[in-house]
Amino acid sequence: NAGVTQTPKFQVLKTGQSMTLQCAQDMNHNSMYWYRQDPGMGLRLIYYSASEGTTDKGEVPNGYNVSRLNKREFSLRLESAAPSQTSVYFCASTPSGNEKLFFGSGTQLSVL
Amino acid sequence: DQQVKQNSPSLSVQEGRISILNCDYTNSMFDYFLWYKKYPAEGPTFLISISSIKDKNEDGRFTVFLNKSAKHLSLHIVPSQPGDSAVYFCAAPRNRDDKIIFGKGTRLHILP
């Protein structure tokens, strides 16, 4: 039972570099999410995808782009990383929006 | 604006006693609430939920109470155990558009 798989688990970037965080779920869920967790800020929604082919902005979308490649995969891209994007990133999925989320184990990203 | 609020960043409780974690919300349209538990270096995991048609939901040692008039919910853990030491997040879908938003979390320490 893989559930939600995120890669990589750790990443260090220099300011201005780009990278893509990968997320895949094998539970046939419709909705997928990207959150970031920062000390004292809780979990903040970056982007959301209700279904394949649709994406929507969350609370803190600036500096990020997403792609819902197919039903299984939802990637998060940082085009030009900034130190303010140092955070732990979590991908999650759910059968539909009002049901419990299943989270991946997170990607710890440091931007120097 | 923070629609889901957890005003206590941390809470310490003696093992065997009751732990009470609180959550307030501002949007009266919220009709479903969830609690998540998070250990360090892991993704959050679903703990318990409650629909607005109920005022109480119980699952083993965990009970969630909902007071709609006060826009307040609480999570009770009885009896508290060392493995309950974690960060607890309150969450709710926002505006029926399937975006689930989280409070800032409360770190629970169970003391021996």
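The values are calculated or read from the model by the stated rules, or taken from the named source; none is laboratory data. On a predicted model such as this, the values are computed, not experimentally measured, just so you know. Counting neighbours? That spans all protein chains shown, and the Cβs are built from the backbone with ideal geometry, glycine included. Just the protein is used for accessible areas: all its heavy atoms, side chains included, with ligands, DNA and RNA removed. Shrake-Rupley method; radii C 1.70, N 1.55, O 1.52, S 1.80 Å.
In the set (1) within 12 Å of chain A (Cβ to nearest Cβ); (2) surrounded by 14 or more Cβ atoms within 10 Å (Cβ to Cβ); (3) aliphatic (A, V, I, L, M), B:Ala41 fails one condition alone, (2). Looking at the range A:1-64, the strands (runs of 3 or more DSSP E) lying wholly inside it that each contain 1 or more residues that are modelled with pLDDT of 95 or more and open to solvent by 60 Å² or more (accessible area, probe 1.4 Å) sit at A:4-7, A:10-13, A:19-25.
The requirement of being within 14 Å of another protein chain (Cβ to nearest Cβ) and either surrounded by fewer than 18 Cβ atoms within 10 Å (Cβ to Cβ) or small (Gly, Ala, Ser) (or both) is not satisfied by B:Ser19. Here B:Leu73 meets each of (1) on the phi > 0 side of the Ramachandran plot; (2) touching a strand residue (DSSP E or B) at 6+ places or on another chain (Cβ under 8 Å); (3) open to solvent by less than 50 Å² (accessible area, probe 1.4 Å) with one exception, condition (1). Selection of the range B:15-74 for residues being under 30 Å from A:Gly3 (Cβ atoms), at pLDDT 95 or above, of a type in the set (Lys, Arg) and not in a strand (DSSP E or B) yields only B:Arg61. Output yes when any residue across the range B:84-95 is in a loop (DSSP other than H, G, I, E, B), in contact (Cβ under 8 Å) with a residue 24 or more places away in the chain and more than 21 Å from B:Ser8 (Cα to Cα), and no when none is. Yes: the range B:84-95 contains one or more residues that are in a loop (DSSP other than H, G, I, E, B), in contact (Cβ under 8 Å) with a residue 24 or more places away in the chain and more than 21 Å from B:Ser8 (Cα to Cα).
Given the options A:Ser87, A:Ser105, name the one that is surrounded by 14 or more Cβ atoms within 10 Å (Cβ to Cβ), more than 11 Å from chain B (Cβ to nearest Cβ), within 23 Å of B:Phe46 (Cα to Cα) and within 13 Å of the chain's Cα centre (by Cα). So that I can check it myself, show each step before the final result.
On the way: A:Ser105 fails: more than 11 Å from chain B (Cβ to nearest Cβ).
Criteria check complete, one pass: A:Ser87.
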